[in-house]
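Below: one structure, written as structure tokens.
The values are calculated or read from the model by the stated rules, or taken from the named source; none is laboratory data. Computed from a predicted structure; not experimentally measured. No Cβ is skipped: glycine too gets one built from the backbone with ideal geometry, and neighbour counts run over all protein chains shown. Areas reflect the complete protein model, heavy atoms only, side chains present, ligands, DNA and RNA absent. Shrake-Rupley method; radii C 1.70, N 1.55, O 1.52, S 1.80 Å.
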4 protein chains.
Amino acid sequence: MRHKEGNKEKAIIEAAIETFAEDGFYKSKIVDIAEKANVAIGSIYVYYKNKDDILLKIFDQIWEPIYNDMKRIASDKSYTPTQKFEFMLDSVFDAFEKYPEKAVVFVNEQNRLMKERPKSFTNYYELFIKEGEKIIKSGIRSSEFKNLNVRIFRRFVLGGLRELLREWTKNPTKRSLNQIRDSVKYFCKTGILDK
Amino acid sequence: MRHKEGNKEKAIIEAAIETFAEDGFYKSKIVDIAEKANVAIGSIYVYYKNKDDILLKIFDQIWEPIYNDMKRIASDKSYTPTQKFEFMLDSVFDAFEKYPEKAVVFVNEQNRLMKERPKSFTNYYELFIKEGEKIIKSGIRSSEFKNLNVRIFRRFVLGGLRELLREWTKNPTKRSLNQIRDSVKYFCKTGILDK
Amino acid sequence: MRHKEGNKEKAIIEAAIETFAEDGFYKSKIVDIAEKANVAIGSIYVYYKNKDDILLKIFDQIWEPIYNDMKRIASDKSYTPTQKFEFMLDSVFDAFEKYPEKAVVFVNEQNRLMKERPKSFTNYYELFIKEGEKIIKSGIRSSEFKNLNVRIFRRFVLGGLRELLREWTKNPTKRSLNQIRDSVKYFCKTGILDK
Amino acid sequence: MRHKEGNKEKAIIEAAIETFAEDGFYKSKIVDIAEKANVAIGSIYVYYKNKDDILLKIFDQIWEPIYNDMKRIASDKSYTPTQKFEFMLDSVFDAFEKYPEKAVVFVNEQNRLMKERPKSFTNYYELFIKEGEKIIKSGIRSSEFKNLNVRIFRRFVLGGLRELLREWTKNPTKRSLNQIRDSVKYFCKTGILDK
DNA sequence: GATGAATGAGTGTTCATTCAT
DNA sequence: GATGAATGAACACTCATTCAT
């Protein structure tokens, strides 16, 4: 191994996150990512199959920790469905607060890529979705939630969330994110709770 | 652009809608649009400044009629804010039902373009948003609605709507759209109404 | 049509012949061909699908006239098989004498391309081969030729011819080509004639 | 390179022969050769200067044993020129029958390399050619052969041979090679013998 | 000797846009 | 207005070779 100065794989993906967040996927140039990562162009292709592959790996980085949170929450029997639902939102908000740039990449690129390469997404995002739907269903079964169409509901909420986060990423302050978080929770609960 | 047209301008934009809907903006080629419109490449540049400009004009086609509906509804004093809110949703749903392909273009491309060219959008979409916010505010003022953060609420709803419509455009049937429409209305109302 | 100054398609293929002859196919750069042809890079792709396609078209230019000669000769009933065989060799020698650079491209690139893209060659070269085999067979039938294995014989002769022409292209003089022509004819005839 | 080897140098050249035979020189990747040889990329450059150098060494492996055969035959005074000529062809055919893949590399790559790097070939191939010409000349001197132009004749024969072997390597059976061998001998002898 | 991560010059091809006709 | 051949900057990706370990 030549040089071995720090972790190139990590440097590349971080440069890519920055670049994709700034310019969007299509306008981002491989050569810019390489420069930002302080790495030769060829090195990018040592660690990633191609430009798309970098994006896919970024999505994994976004959704894997969220999904792991979810698994823990979902399997904890001491929580009510409402609490689980709130924690689910929290884990998304927390992740985005921690890495706003990853958030930007997600909100801007994921839909397009899911459309163009539906096969690629057999992973953490899908698992996250599934886990979320399970929580809603359990709440409906226990009559804690209204009898909503689960697929429609979760899409609506995720879509709304993404839109809010997209806007937030333009000017990401902790304060404004908390305001969004509270509003969404409140709105969802009064919308979903069968009181 | 309404009457006796079998003209090039219309043929181009319709071909573009089809092409953007199918392949996405970046993967769509001007030459394909020209072929689909049965028009020479050069003719596209007679009617449109460039590729972006076509997209912008498509957005106008989407939002102008919706906005016109809105204006009519908003100024009608015989409706309550709740009725106006429902009509607003209806006018979006109706537009999407009528032109699913325009809907695809909107859901996939608008955000990116608004990010890349924020200046371009001084138009019907913005006006629609404003009108929508006014309705919410009037509902809050009359205590018919909860005292929600209007900007957050409208973003959330529009984002959720877009996500649902994006999914719907993959398999657009009248029946499924009505199901979505009812779910969204119900959810928004129980979420928003201060009963 | 912009510029229409002379025939770009022809200029490109001639530049390509020169370039391929000089550097070989793999070492030839599209940009060099473009420069030599006094044409923009993009123009090459207006007239040819890709680099391979240019090569294929060159082979057509080589073999089409030879094949047309052959057809005329083969169908002429006043010639004996021996005369036809001689004329066949002549038409190859004449073509090579006329366009030595095309000859270089043929001798250096055709085998490789036939190996890599066997599908592409359903054309003049194959037809030429077939016509040549027919002449040999008719000579065998009339007992003018020895009962040789036709496929082996024609491959041997063509291979020998190519090798000689390859060498000749390094220093192409009319005199030396005629010497080769006479030697080959003499050798083939004493080798093939059943006296 | 003969004895107790299971060594890297040999493994590399054998992998290269396979790879060049399959994909051609330009399309063969060093990394593929390394993998096939079960050797690190870097090791290839320990034993060979560069990619060209491997090819050159392969040619040596092809022509050295043939040349050694030739030397033995040529210096044996008990053979007539005709016998020597036949033995010469046999030694080429035998070599190709034994290592068809080396044959493929020779027929496909040697000409190109001789063109690009004429300096590299001060070796066994040249020596083989020279020895062959000597045999022909001695036959002419003794009036056993016709008074052909030796250079032209030997090129013609070698070229024809290569073409036949090229075809044969696509489907190499012992039977078909013997058929080719007999045909070539017969043709050359009736073509060359001054009876 | 052996390794394989790192390199970066090099290349075929694309495609939005132009402009002479 | 209409055309479409012409353009050439731009770009993702390749791969022989190197060299620190």
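Tabulated results
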| item | result |
| --- | --- |
| Position D:Lys115, label points 7 Å along Cα→Cβ, spacing to each other copy in nm (shortest first, one decimal) | 1.4, 4.9, 5.1 |
| 10 Å beta-carbon shell around D:Tyr47, net charge (K/R +1, D/E -1) | +2 |
| Label-point separation, B:Glu133 to B:Asp23 (7 Å along Cα→Cβ), nm | 3.8 nm |
| Number of partner chain Cβ atoms within 10 Å, mean per residue of A:148-155 | 5 |
| Net charge, C:Leu177 excluded, C-beta distance under 13 Å - Lys, Arg +1, Asp, Glu -1 | +2 |
| Mean separation of Cα contacts under 8 Å (6+ apart) over length of segment C:78-162, as relative contact order % | 38 percent |
| Whole-number accessible area per residue in Å² for chain A, which is evaluated in the context of all protein chains at 1.4 Å | 50 Å² |
| In the A-B interface, the accessible area buried, summed over both sides, Å² (probe 1.4 Å) | 3300 Å² |
| Over 16 Å [Cα-Cα, segment D:1-48], rounded percent | 32 percent |
| Calculated SAXS-style log₁₀ I(q)/I(0) at q = 0.10 Å⁻¹ - chain C, Debye, Cα scatterers | -0.47 |
| Distances in nm from C:Ser176 to the matching label points in the other copies, shortest first (labels 7 Å along Cα to Cβ) | 3.5, 7.4, 7.9 |
| Formal net charge of residues neighbouring D:Glu101 (Cβ-Cβ distance under 10 Å; K, R +1; D, E -1) | -2 |
| In segment D:40-123, trypsin sites (Lys or Arg not before Pro) in a DSSP loop with at most 16 other beta-carbon atoms within 10 Å | D:Lys49, D:Lys77 |
| C-alpha long axis of helix C:81-98 to longest principal axis of chain C, angle in ° | 20 degrees |
| Out-of-range pairs (alpha-carbon distance over 28 Å; input A:Lys102/A:Lys130; C:Lys185/D:Lys27; A:Lys170/B:Lys57; A:Lys134/A:Lys189; D:Lys98/D:Lys185) | C:Lys185/D:Lys27 |
| Fraction of accessible area attributable to carbon and sulfur, the protein assembly as shown (%, probe 1.4 Å) | 50 percent |
| Normalised contact order of chain C, rounded percent, pairs of Cα under 8 Å and 6 or more residues apart | 23 percent |
| Pseudo-label separations to other copies for A:Lys29 - Cα-to-Cβ vector, 7 Å, nm | 1.9, 2.4, 2.6 |
| Residue of chain C whose Cβ sits closest to the axis mapping C onto A, with distance in whole Å | C:Val31, 10 |
| Sequence of D:Leu89, D:Leu56 when ordered by accessible area, the most exposed leading, probe 1.4 angstrom | D:Leu56, D:Leu89 |
| Residues of segment D:25-39 buried by at least 20 Å² on assembly (accessible area, 1.4 Å probe, chain alone as reference) | D:Tyr26, D:Lys27 |
| Gap separating the Cα centres of segment A:122-142 and segment B:23-39, nearest whole Å | 39 Å |
| Degrees between helix C:8-23 axis and first principal axis of chain C (Cα, 0 to 90, nearest 10) | 70 degrees |
| The protein assembly as shown: translational diffusion in µm²/s, Stokes-Einstein, Kirkwood Rh over Cα pairs, 10 °C, 1.306 mPa s | 48 µm²/s |
